[in-house]
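Only one structure is covered here, and it is reproduced in the block below.
Quick note: the coordinates plus some simple rules give every number you see, no bench work behind them. From a predicted model like this one, the values you see are computed outputs, not experimental measurements. Using ideal geometry, Cβ is built from the backbone for each residue, glycine included, and neighbour counts are taken over all protein chains shown.
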Amino acid sequence: MHKYQDRHFSEWAASSLGQSLLALEKRALRDNLANLRGGIAVQIGSSGPQPLLDACHYAHRFLLTAPGQPADSTSTGILHAATDSLPFESNSVDLCLLPHSLDFSAIPHELLREVDRVLVSGGRLVLLGFNPYSMWGLRKMFAFRTTGVPWNGRFISMRRLRDWLQLLDFDIHTGTMLYYRPPSGSHAMRDRLAFLEKAGNRWWPMLAAVYLLVAQKNEAGMTVIEMNRSFRKVSYLNAAEPVAMQGRR
């Protein structure tokens with residue numbers, strides 16, 4: 001795992017801007033995970049003091065962090081391991097949550113392959129990632145210094161991520177865009193720009209700072225039938241723009 005993923009990203013998530021973003025991410029995860037059930041759910045990568053799996057109803061929940069990284073949790077088991085070799089048997093995990101883990105992984109392809117290995121057929125993969133085509137992406141592009149979190153991340157585009165998932169035989173079921181305000185460290189400024197959340201969600205969803213994707217691992221032997229590209233949601237998934245907003249199509 002990238003050396004910044006756990007310690008430095010967790011520190012940034014505890015900042016004013018980080019907490020502002022994390023609040024929306026938690027709300028979106030509750031909406032997308034509330035109806036899911038299963039045996040084992042794993043969050044790969046720390047997202048701050050509170051794990052994000054509290055919203056889901058799985059019998060066993062684990063938070064996997066880098067070796068030596070402290071984590072406090074009363075509802076989620078803590079595991080310390082490297083992401084190039086997840087400490088789970090093949091076909092044993094029902095849900096994997098990656099909160100910006102690919103953005104800060106030195107080997108994102110290997111991480112996705114490991115997730116594919118441990119997920120059961122029909123298992124869910126939930127991804128949070130920074131959108132490079134946003135005001136946050138512009139901030140990263142024109143920053144004089146990119147050593148700080150989150151600007152040192154990869155900011156993987158949804159189009160590229162979709163291609164990776166397709167190669168691993170995942171189907172994207174839903175997608176949600178989050179956070180349309182610029183990355184201002186001022187709480188007062190963010191409050192004044194709160195109207196951008198509703199406006200952006202309606203008029204320019206492709207400019208959101210973060211995307212949330214829910215994908216499903218295809219069952220072994222299942223034949224995937226291509227849907228007509230005129231279908232609105234599929235056309236979004238095959239374009240550079242984000243997927244259609246959940247509940248708005």
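Residues whose amide H lies under 5 Å from that of residue 57, counting only those 5 or more places away or on a different chain, are 36; hydrogens are built 1.01 Å from N in the peptide plane. Bridges between two residues of the range 7-237, per DSSP, are antiparallel at a rate of about 45%.
By count of other Cβ within 10 Å, fewest leading, how are 20, 85, 46 ordered? Don't skip to the answer; put the middle values down first.
Values: 20 18, 85 10, 46 27.
Placing the least packed residue first, the sequence is 85, 20, 46.
Rounded to whole numbers, the Karplus 3J(HN,Hα) couplings from phi for the range 161-177 are 5, 4, 4, 4, 5, 5, 5, 8, 6, 9, 10, 7, 8, 9, x, 9, 9 Hz, using 6.51 cos²θ - 1.76 cosθ + 1.60 with θ = phi - 60°, and x at Gly and Pro. For residue 164 and residue 195, a Förster radius of 41 Å and the Cβ-Cβ distance give a FRET efficiency of 0.70, rounded to the nearest 0.05.
Rank these for me by crowding, 217, 198, 26, going from fewest to most other beta carbons within 10 Å. Present the calculation step by step, with values, prior to reporting the outcome.
Numbers: 217 21, 198 10, 26 16.
Ordered from fewest to most neighbouring Cβ atoms within 10 Å, 217, 198, 26 come out as 198, 26, 217.
On the beta carbon distance between residue 84 and residue 27, with R0 = 30 Å, the FRET formula returns roughly 0.40. Model label points for residue 11 and residue 138, set 7 angstrom from Cα along the Cα-to-Cβ axis, are 2.9 nm apart. Extension gain for residue 173-residue 59 works out to 38.7 nm (0.36 nm per residue, less the C-alpha to C-alpha distance).
Just how many % of Cα pairs in the range 7-237 lie over 33 Å apart, if you round to the nearest whole percent? Working shown, then result.
Numbers: 3848 of 26565 pairs.
That tail contains 14 percent of the Cα-Cα pairs.
Measure out, as a whole number of angstrom, how far apart the alpha-carbon centroids of the range 157-211 and the range 27-60 sit. Each part reduced to its Cα centre gives a spacing of 20 Å.
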